[in-house]
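Comments concern the structure below.
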Amino acid sequence: MSAPGKLRDLMLRITIDGTRYEVEEGLTLLQALDELGVLMKGVDIPHYCWHPKLSVDGSCRMCQVEVEGIPKLQIACDTPVREGMVVHTRNERVLKARAGVMELMLVNHPLDCPICDQAGECKLQDYAFEYGQMHTRTREPRRALKKRVDLGATIVFDQERCILCRRCVRFCREIPGTSELAITQRGDRSTVETFPGKPLENDYSMNVADICPVGALTTRDFRFKVRVWFLEEVPGICTGCSRGCNVHVGVADDQVRRYTPRRNDDVNDTWLCDSGRMTYQEIGAPDRIREAALRGDSGELIGATIDQAIDRAARLVREAVEKEGPGVVAALASGHATNEDLAALRGLLAALGSETHGLPIVTGAGDALLVRPEKAANAEGARAAGFGEPGLLLDKIRGGGVRVLIVLGHDIIHEQFLGSPEPLAALDAVILLDTHRSRLEQVADVVIPARHLAEKGGTVTNFEGRIQAVPAALEPAFEAVAEAHVLARIASALDLSIDDGSEHEREAD
Amino acid sequence: MGHRVPHVTHYLTEHFADDGYTTLSGFRARGGYETARRVLVEQSPDDVIGTLKRAGLKGRGGAGFDAGTKWSFMPRDGAGPSYLVCNADESEPGSFKDRVLMERGPHQLIEGILIPAFATGAATTFLYIRGEYAEPARILQRAIDDATAAGVLGSNVLGTGFAHQIVLVRGAGAYICGEETGLLESLEGKKGQPRRKPPFPAERGAFGRPTTVNNVETFCHVPHIFARGVDWFRSIGTEESPGTTLFGVSGHVERPGLYELPLGTRLDEIIFEHAGGVRAGRKLKAAIPGGVSMPVLPAGHLDVPMANEFLREHGSSLGTGGVIVMDETTCMVRVGCVISEFFRDESCGQCTQCREGTGWMHKLLLRIERGSGTEADLDVLEDVAGKMEGATICAFADAAAWPVQALLRHFRSEFQGHVHAQKCPLPESFEI
């Protein structure tokens with residue numbers, strides 16, 4: 001991936017199955033094909049132990065190819081490209097060798113696909129179907145090992161299904177650097193184990209299930225929940241922090257069942273942290289705001305339709321502006337909102353003529369790998385939209401200079417900011433657009449259920465300024481509206497016209 | 001100690017009957033370390049390697065690679081340390097020569113290490129010895145300590161200014177640690193598993209540094225070559241395989257034990273003239289020429305000179321020189337069971353073909369031996385062995401496949417006999 005203008009690395013010409021490619025010097029065959037984007041997408045070299053983001057292991061022997069001039073078949077994962085190299089990946093000799101490896105791979109593998117959670121996304125199934133043989137020649141008993149070993153709190157291990165590709169072992173050693181997993185024993189008794197008393201315990205542990213090519217490693221969270229062929233995998237963005245890791249949102253029966261990492265070498269390689277991965281649970285969480293509500297005369301929140309809530313919100317804004325001028329209307333933006341939502345908020349404030357706004361971003365621990373301290377997917381996008389620290393706004397609220405506050409999300413009551421909704425109680429009106437319930441409802445006059453990123457799609461900007469667009473993955477199970485639409489309808493009710501944020505969608509990559 | 005002295009001796013084992021030879025003073029009284037001193041003072045590293053190459057000394061660890069050529073691969077730029085490794089992980093079933101070389105001639109080994117250490121510029125030799133060799137390790141450590149105290153090893157080897165130390169490392173017990181890169185992993189404190197090559201050890205070996213690994217016996221020949229000259233050395237053995245070697249004869253012979261004989265000595269001469277022939281006047285059935293990983297030879301093929309260039313024509317190899325003799329009472333399928341069980345146990349488990357193939361072959365052989373095999377099983381067995389050959393990180397899978405292939409090649413009728421009779425025709429053969 002050489003940037004334009006950068007001096008190109010030395011390119012070599014190689015021929016694979018009669019097609020010529022230009023590849024960078026210093027790569028192995030599989031790396032070169034991966035960089036070209038043709039590995040398994042035009043040039044099928046099956047592989048188990050090789051992974052683009054891990055060191056070469058060279059042990060599964062599945063990626064054998066014929067290189068002209070070399071008598072023995074070579075493993076493509078460990079064969080450097082050379083000028084003029086001619087490679088055959090599909091001739092009879094190679095296919096026979098693959099079938100041979102497949103047969104041996106299956107000698108001890110329990111053929112329990114019907115009850116295996118990996119079925120449907122299993123490389124052993126895929127390659128056996130493509131390169132293997134239809135009938136088994138072995139009459140010998142298969143190795144009997146433990147079917148359910150808890151490697152740690154997140155991962156369950158089926159020793160019998162393991163094909164000993166050692167991706168998980170290398171992952172723990174090379175990516176989080178925690179080295180919990182090792183292969184113990186020798187020969188066909190080999191198995192993956194943890195050191196006694198040292199379970200698999202790091203914030204990236206669930207990646208081992210993603211990279212396990214078979215059903216040996218499964219996450220306790222997802223296993224047996226749903227057959228993968230019932231899953232619709234929609235591209236999404238993890239909302240756990242400002243990294244914006246690319247994910248597949250796995251949806252079945254209108255519920256998000258899992259996040260799995262979606263490869264993006266510029267953002268998250270092929271990884272996802274455990275804490276971010278589990279944020280999918282927020283989408284179907286029981287504490288979602290499922291209904292609009294209005295503060296009644298008795299002081300209680302009473303259920304209402306979204307139309308009623310928008311009408312009330314518009315009325316509260318209009319009354320405040322008419323009484324004391326636009327300066328008394330203010331807004332708290334959110335790093336969880338999309339660029340489109342934030343543009344709508346910016347537009348509404350501009351149309352009203354108010355300059356008062358703030359942006360509370362909750363921070364926490366980060367790490368050297370993926371996790372960013374800012375715990376909001378679009379913190380950078382919100383700042384780019386012109387929203388800054390909430391300090392001045394809070395001062396103005398405390399000084400009585402604000403009467404109506406439009407709030408996106410509830411980060412403002414986090415202990416890093418107000419700690420409680422009390423300081424907002426003195427306002428004339430708090431209009432809350434939020435996805436999840438919080439104590440902020442105690443002071444809200446209008447509550448409108450908002451959509452999660454996975455329910456509305458849009459663009460978010462990660463900490464590096466990368467704008468990423470995702471589609472909606474599912475419809476919420478209740479009536480909820482994207483903040484941009486709520487704000488546009490409030491504006492419309494006030495006879496104001498605002499930017500709908502579509503320009504951001506055009507900018508996104 | 002008499003039982004540990006070779007029945008037939010030559011230059012390597014000439015003094016092995018003498019307990020004094022194991023001590024530093026006794027070794028020096030017979031001129032020990034004088035050759036090393038002379039070489040270190042009078043010759044350049046290039047001279048030494050040149051002499052070694054002309055001598056044509058072949059590695060005695062099993063692969064038979066030319067030792068001088070191996071030493072010449074070591075980079076000579078002097079940037080950072082490089083290492084020698086003495087492979088004393090002797091674990092090939094049928095092989096027991098290195099043990100005697102270490103127990104009875106520890107200083108001969110140290111002298112043999114000093115010369116290539118000087119030639120390759122290595123400041124340290126790691127002597128990696130199999131963990132089960134407690135007694136040889138004790139003897140060697142004492143020899144190393146004595147040599148260090150006397151200035152034979154250390155910062156000023158034999159007063160020549162060359163610095164060298166030998167570090168004894170005891171293995172934790174795995175056949176695969178005798179494979180040179182498996183050994184290096186184990187040496188570094190990791191699980192003994194062969195490395196992918198390249199890089200070869202001469203480029204990146206122990207602890208990431210250039211390293212040469214040689215077998216115990218290989219080192220032991222070196223002082224003799226420099227003491228008596230290349231011509232003398234080449235006058236022993238064959239054109240391609242000069243010198244003697246230690247044949248360890250075991251199995252159904254009257255006089256099992258070690259025999260130091262010139263390479264090229266005929267296998268039947270070793271068995272019948274030196275080892276006293278087959279026990280109790282029975283008929284010879286087969287012999288394995290060089291440890292269990294080498295293909296078996298049937299009785300009709302034993303007039304072969306024991307050197308790789310001749311054994312190759314018979315589809316076998318010298319290996320480590322461990323001759324295993326089997327008489328007419330031996331069930332060759334059981335032989336296959338025993339050998340394949342060993343390889344099943346010892347496969348490191350990295351490569352698919354080896355990990356799964358060794359186990360599959362063993363299960364097949366066991367089933368055939370017990371009388372529930374079919375003709376088709378024989379074909380499967382042959383096919384599995386074929387799939388294991390030449391397709392893995394190291395040569396272990398080949399070593400596991402070759403004996404099975406050879407048994408099928410030479411004794412297929414005996415396998416068929418098991419299939420047709422649905423039982424072992426030689427039930428009185430050894431227990432498995």
Which residue pairs have Cβ atoms under 6 Å apart, sit 6 or more places apart or on different chains, and have a first residue in the stretch A:478-493 that is farther than 17 Å from A:Ala337 by Cα and a second that is β-branched (Val, Ile, Thr) and part of a loop (DSSP other than H, G, I, E, B)? A:Ala491/A:Ile498
Within the stretch A:197-220, is there a residue that is over 19 Å from A:Met278 (Cβ atoms) and modelled with pLDDT under 95? yes
Being closer than 14 Å to B:Ala55 by Cβ and of a type in the set (S, T, N, Q) is the filter here, so list the residues in the stretch B:215-244 that pass it. B:Thr218, B:Ser235, B:Thr238, B:Ser241, B:Thr244
Read through the list (1) away from chain B (no Cβ under 14 Å); (2) loosely packed, with under 15 Cβ neighbours inside 10 Å; (3) not small (Gly, Ala, Ser), then give the number of the only condition that A:Arg139 fails. (1)
Is at least one residue of the stretch A:143-166 in contact with a His (Cβ under 7 Å, 6 or more places away or on another chain) and away from chain B (no Cβ under 13 Å)? yes
Would you point out the residue of the stretch A:55-71, among those that are within 14 Å of another protein chain (Cβ to nearest Cβ), farther than 24 Å from A:Val107 by Cβ and not small (Gly, Ala, Ser), that is surrounded by the most Cβ atoms within 10 Å (Cβ to Cβ)? A:Glu66
Condition set of a type in the set (Asp, Glu) and touching a residue at least 60 places away in the same chain (Cβ under 8 Å), scope the stretch A:174-220, selection nearest to the other protein chains (Cβ to nearest Cβ): answer is A:Asp188
Which ones in the stretch B:408-425 are of a type in the set (A, V, I, L, M) and either surrounded by fewer than 17 Cβ atoms within 10 Å (Cβ to Cβ) or in contact with a strand residue (DSSP E or B) (Cβ under 9 Å, 6 or more places away or on another chain) (or both)? B:Ala421
Out of all the residues in the stretch B:143-150, is one or more assigned to a loop (DSSP other than H, G, I, E, B), without any contact (Cβ under 8 Å) to a residue 12 or more places away in the chain and of a type in the set (A, V, I, L, M, F, W, C)? no
Return the only residue of B:Val325, B:Val384, B:Val380 being more than 11 Å from chain A (Cβ to nearest Cβ), of a type in the set (Val, Ile, Thr) and either farther than 20 Å from B:Pro298 by Cα or within 24 Å of the chain's Cα centre (by Cα) (or both). B:Val325
Yes/no for B:Phe310 being assigned to a helix (DSSP H, G or I) and within 14 Å of chain A (Cβ to nearest Cβ): no
Yes or no: the stretch B:167-177 includes at least one residue that is within 14 Å of chain A (Cβ to nearest Cβ), among the aliphatic types (A, V, I, L, M), out of contact with any Phe, Trp or Tyr (no Cβ under 9 Å at 6 or more places or on another chain) and outside any strand (DSSP E or B). yes
Which condition number does B:Ser372 fail, the rest of (1) of a type in the set (S, T, N, Q); (2) within 11 Å of another protein chain (Cβ to nearest Cβ); (3) within 25 Å of A:Arg93 (Cα to Cα); (4) surrounded by fewer than 23 Cβ atoms within 10 Å (Cβ to Cβ) being met? (3)
Residue among A:Ser420, A:Ser502 that alone is more than 23 Å from A:Gly240 (Cβ to Cβ) and at pLDDT below 95: A:Ser502
Among the residues of the stretch A:81-121, write down those that are more than 18 Å from A:Cys212 (Cβ to Cβ), within 14 Å of another protein chain (Cβ to nearest Cβ) and not in a helix (DSSP H, G or I). A:Arg82, A:Val107
Select the strands (runs of 3 or more DSSP E) contained entirely in the stretch A:237-356, then report the ones holding at least 3 residues which are closer than 30 Å to A:Val402 by Cα. A:292-295, A:301-304, A:329-332
Let me spell it out: the conditions are (1) touching a Phe, Trp or Tyr at 6+ places or on another chain (Cβ under 6 Å); (2) under 20 Å from B:Phe96 (Cα atoms), and B:Ala287 meets all of them except one. Which number is the exception? (1)
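Results for (1) touching a Gly at 6+ places or on another chain (Cβ under 9 Å); (2) part of a loop (DSSP other than H, G, I, E, B); (3) of a type in the set (Val, Ile, Thr); (4) over 21 Å from A:Glu130 (Cβ atoms), shown as yes or no for each residue.
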| position | (1), (2), (3), (4) |
| --- | --- |
| A:Ile14 | yes, no, yes, yes |
| A:Glu22 | no, no, no, yes |
| A:Leu30 | no, no, no, no |
| A:Lys41 | no, yes, no, no |
| A:Ile45 | no, yes, yes, no |
| A:Tyr48 | no, yes, no, no |
| A:Pro52 | no, yes, no, no |
| A:Ser55 | no, yes, no, yes |
| A:Gly58 | no, yes, no, yes |
Got a sec? Which of B:Ile166, B:Ile139 is crowded, with 22+ Cβ neighbours inside 10 Å and in contact (Cβ under 8 Å) with a residue 40 or more places away in the chain? B:Ile166
Any hit, the stretch B:343-356, residues being touching a strand residue (DSSP E or B) at 6+ places or on another chain (Cβ under 9 Å), over 15 Å from B:Glu414 (Cβ atoms), among the small types (Gly, Ala, Ser) and more than 7 Å from chain A (Cβ to nearest Cβ): no
Could you tell me whether the stretch B:105-122 includes any residue that is farther than 27 Å from B:Ser250 by Cα, touching a residue at least 60 places away in the same chain (Cβ under 8 Å), out of contact with any helix residue (DSSP H, G or I) (no Cβ under 7 Å at 6 or more places or on another chain) and of a type in the set (A, V, I, L, M)? yes
B:Ser316: within 11 Å of chain A (Cβ to nearest Cβ) and in contact (Cβ under 8 Å) with a residue 60 or more places away in the chain, yes or no? no
Could you tell me whether any residue of the stretch B:72-83 is hydrophobic (A, V, I, L, M, F, W, C), surrounded by 23 or more Cβ atoms within 10 Å (Cβ to Cβ) and at pLDDT below 95? yes
Just the residues that are at the interface with chain A (Cβ under 7 Å from one of its Cβ atoms) and either surrounded by 19 or more Cβ atoms within 10 Å (Cβ to Cβ) or closer than 19 Å to A:His109 by Cα (or both), please, taken from the stretch B:387-397. B:Lys387, B:Ala391, B:Thr392, B:Ile393
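The values are calculated or read from the model by the stated rules, or taken from the named source; none is laboratory data. All values derive from a computational prediction rather than experimental measurement. In this analysis, Cβ positions are derived from the backbone assuming ideal geometry, glycine residues included, and neighbour counts consider all displayed protein chains.
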